[in-house]
1. Tally the DSSP beta bridges in the chain and give the antiparallel ones as a percent, rounded to 5.
2. Run the simple label-point estimate for residue 35 and residue 200 please: 7 Å along Cα→C-beta, distance reported in nm.
3. Work through the residues other than residue 50 whose Cβ is under 14 Å from its Cβ and net out their charges, Lys, Arg +1 and Asp, Glu -1.
4. Modelling each spin label as a point 7 Å along the Cα-to-Cβ direction, I'd like the residue 97/residue 166 distance in nm, to one decimal.
5. Quick one: of the DSSP bridges fully inside region 1-118, what percent are antiparallel, nearest 5?
6. Among residues other than residue 155 whose Cβ falls under 9 Å from its Cβ, what is the net charge (Lys/Arg +1, Asp/Glu -1)?
7. Sequence-distant or interchain residues sharing an amide H contact under 5 Å with residue 176, placed H: which?
8. Expressed as a whole percent, how much of the Cα-Cα distance distribution for region 100-212 exceeds 16 Å?
Amino acid sequence: MKIGIIGSGDVAKALGAGFLKHGHEVMMGTREPAKLADWAGQHPKGRVGSFTATAAFAELAVLAVKGTVVADVVRAAGVANLTGKTVIDATNPIADAPPANGVLKFFTNLDESLLERLQREFAGIRFVKAFNSVGATSMVNPQFKGGQPTMFICGNDEAAKKVVTSILDQFGWETADMGQAEAARAIEPLCMLWCIPGFLRNDWVHAFKLLK
Ligand SMILES: NC(=O)c1ccc[n+]([C@@H]2O[C@H](COP(=O)([O-])OP(=O)(O)OC[C@H]3O[C@@H](n4cnc5c(N)ncnc54)[C@H](OP(=O)(O)O)[C@@H]3O)[C@@H](O)[C@H]2O)c1
């Protein structure tokens, strides 16, 4: 598939490399292409463009930008360029405030997630929450002693979730579909839980597994 990754940070770079490794075409979107010069040098098949060019290029897009600006970034990328498309939302609603004893602060609340805000504002986009509850270095085919980790996903469009599940299969994850957009109220705070061992003990290599 043609994958448009909107972002230039650790998540964008890791997922961009992962999609290329699995044979997809990739364009990375940023306001500052210089930020991706090293990545582009290491991944000559990957392209770098603006937010708009990346959204237009995408058959499937990934949002990998700072949570506080993600709605602005969708507008900047051009809503029409993403309408009707599957868009993986890897963002987290982390507030511009320091963590308290290792616990991040969110600008959303337990009755309204960032994914729901995006889905409400951009109703024609098929958002799927995924990749938000694990660190960038473990997103692509991670190897854990404890076995295959679980990626929790949600979204209102069943076909879009099937596409994302097939990508997660390629990326070495078991997928747990938690249902509609409201489930992001529970999936987004997994990021807080995931980060606590990192902030408290500098332990950033772990993932969640759903045992049945
Ligand atoms: N880091 C992780 O391990 C991890 C894991 C799971 C989920 N996440 C979530 O994934 C998202 C990306 O995280 P990250 O660590 O890779 O990068 P990040 O530092 O959170 O975000 C960098 C991206 O945000 C964009 N950005 C920042 N301020 C902006 C503004 N005012 N206007 C427009 N764009 C702006 C930048 O655009 P330019 O390229 O144009 O500068 C850049 O692409 C975040 O929501 C994060 O919470 C992160």
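1. On the way: 4 of 28 bridges.
Counting only bridges with both partners in the chain, antiparallel ones make up about 15 percent.
2. So the two model labels end up 3.1 nm from each other.
3. Values: positive: 31, 35, 47, 75; negative: 32.
Local charge sum for residue 50: +3.
4. 4.3 nm
5. Numbers: 3 of 19 bridges.
Among the beta bridges of region 1-118, antiparallel pairing accounts for roughly 15 percent.
6. Numbers: positive: 126, 129, 161; negative: 89, 157, 158, 177.
Summing Lys/Arg as +1 and Asp/Glu as -1 gives -1.
7. So residue 176 has HN proximity to 151, 152, 153.
8. On the way: 3849 of 6328 pairs.
Looking at region 100-212, the distances longer than 16 Å represent 61 percent of pairs.
Every number in this text was worked out from the coordinates using simple rules, so none of it is lab data. Owing to the predicted nature of the structure, the values given are computational and were not obtained by experimental measurement. Every residue, glycine as well, gets a Cβ built from its backbone with ideal geometry; the counts of neighbours run over all protein chains shown.
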